[in-house]
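This report concerns only the one structure given below.
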Amino acid sequence: MAKAGARRRTEPRAEAVRTGSAGEAAASEAVDFGFRKVARGDKARLVREVFDSVARRYDAMNDLMSLGLHRRWKEALVDALDPREPLLVLDVAGGTADVARRVLARAPAGSRVTVCDINAAMLAEGRDRSADRGRIAGLDYVCGDAEALPLADRSVDAVTVAFGLRNMTDIPRALAEMRRVLRPGGRFFCLEFSRLALPGLERAYDWWSFEVLPEIGARVARDREAYVYLAESIRKFPDQERLLALMQAAGFERTGYDNLAGGIVAIHQGWRI
Ligand SMILES: C[S@@+](CC[C@H](N)C(=O)[O-])C[C@H]1O[C@@H](n2cnc3c(N)ncnc32)[C@H](O)[C@@H]1O
């Protein structure tokens with residue numbers, strides 16, 4: 001398990017990262033993993049270890065950590081998608097398929113949602129949960145990396161990504177991939193933690209993030225460090241405007257965002273024209 005906890009709320013101190021031949025330079029370049037700096041080539045493995053560790057308790061943890069609000073946030077994502085006609089949807093970093101099931105529950109018959117996640121344990125949980133809820137038709141599961149999506153160009157009507165983008169090593173590349181698989185006229189929606197826009201709440205939010213969440217993680221998911229990583233990765237993720245700029249740089253048009261819960265999370269959206 002990655003040890004991410006020792007330096008919470010401090011800015012990253014560059015750690016020695018693996019150095020190698022010129023060919024390995026990109027892989028050894030330092031990137032953020034929470035507040036730590038790790039070699040670019042190591043981040044995906046560290047993220048995978050986090051979700052391997054918490055997969056079984058992931059949904060229960062979401063309820064506890066967000067006091068149930070993640071359900072409303074995900075419903076708001078489906079509101080934004082507003083599926084009125086049969087759609088082919090790709091849910092990137094779809095984990096336990098929570099968003100995918102919500103989309104299918106509200107989309108017209110004939111819709112399909114492909115859940116793509118890099119983590120087989122999360123997908124396995126998703127399949128089990130979907131089967132338990134009798135939701136099998138219309139769902140497909142693909143184990144794959146958002147930075148090299150295993151889908152054809154222009155093959156889906158909409159792409160959703162909920163609480164996933166933050167974990168990716170190369171966000172511009174993941175955004176470009178999500179645009180690549182959208183058909184012209186297709187829409188992209190990202191639900192992600194963002195920057196608190198309500199003054200006066202910072203201290204309470206910091207306390208919740210850095211004191212309470214790791215404690216809940218330790219007791220319920222039996223992994224404190226995974227939830228230290230969660231809090232730190234939120235702070236390192238681009239704020240509302242920076243993410244908007246990254247989406248525009250990736251080629252999305254008619255972009256915008258809405259804050260939820262005072263900016264604790266935001267839904268960004270854009271079109272492939
Ligand atoms: C916080 S969970 C979110 C799961 C789900 N979208 C939800 O909202 O409940 C983040 C997910 O991102 C996945 N993930 C991280 N990096 C990824 C990558 N490069 N490609 C695909 N999935 C990735 C993880 O395996 C994990 O399932």
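Any read-out appearing in this document is the output of simple, stated calculations on the displayed coordinates, not a laboratory observation. Remember, predicted model here, so these are calculated numbers, not experimental data. Virtual Cβ from ideal backbone geometry, glycine too; neighbours counted across all protein chains shown.
Overall dimensions of the stretch 123-273, expressed as equivalent-ellipsoid semi-axes from the Cα gyration tensor (√(5λ), whole Å, largest first), are 28, 23, 13. In summary, the aspartates and glutamates within cross-link reach of residue 37, defined as a Cα separation below 18 angstrom excluding same-chain residues under 8 places away, comprise 11, 15, 24, 29, 49, 170, 225, 232. For the stretch 75-122, the fraction of C-alpha pairs farther apart than 14 angstrom is 45 percent. Would you work out if the stretch 210-273 is rounded, prolate or oblate? Take a ≥ b ≥ c from the square roots of the eigenvalues of the alpha-carbon gyration tensor; rounded if a/c is under 1.5, else prolate when a/b is larger than b/c, oblate otherwise. Cα axes put the stretch 210-273 in the prolate bin.
Think of each Lys and Arg Cβ as +1 and each Asp and Glu Cβ as -1; about the Cα centre, that makes the dipole of the chain roughly 140 debye.
Between residue 141 and 115, the built amide H atoms are under 5 Å apart, and every one of these is 5 or more places off in sequence or on another chain. Ordering 201, 81 from the fewest to the most neighbouring beta carbons within 10 Å gives 201, 81. Which of 218, 248, 196 sits closest to the plus end of the dipole of the chain, meaning its Cα is farthest towards the positive end, when Lys and Arg get +1 and Asp and Glu get -1 on the C-beta? Going by the Cα projections, it comes out as 218.
Shape annotation for the stretch 148-196: C-alpha extents along the principal axes are 34, 20, 13 Å, from largest to smallest. Run down the aspartates and glutamates and flag those whose C-alpha is under 16 Å from the C-alpha of residue 74, throwing out any fewer than 8 positions away in its chain. Within reach: 59, 63, 82, 91, 98, 192, 258.
Between the helical axis of 120-132 and the longest alpha-carbon principal axis of the chain there is an angle of about 40 degrees. Of 205, 141, 229, the sequence from fewest to most neighbouring Cβ atoms within 10 angstrom is 205, 141, 229. Take the Cα of residue 219, step 7 Å toward its Cβ, do the same at residue 173, and the gap between the two points is 4.0 nm. Dividing the mean sequence gap of close Cα pairs (under 8 Å, 6+ apart) by how many residues the stretch 109-226 holds gives a relative contact order of 20 percent.
In the distance distribution for the stretch 30-127, Cα-Cα pairs more than 17 Å apart total 59 percent.
Rounded to the nearest 10 degrees, the angle from helix 40-54 to the longest Cα principal axis of the chain is 80 degrees. The overall shape of the chain is rounded: from the C-alpha gyration tensor, with semi-axes ordered a ≥ b ≥ c, the ratio a/c is less than 1.5.
Helix 171-181 and the longest principal axis of the C-alpha atoms of the chain enclose an angle of approximately 10°.
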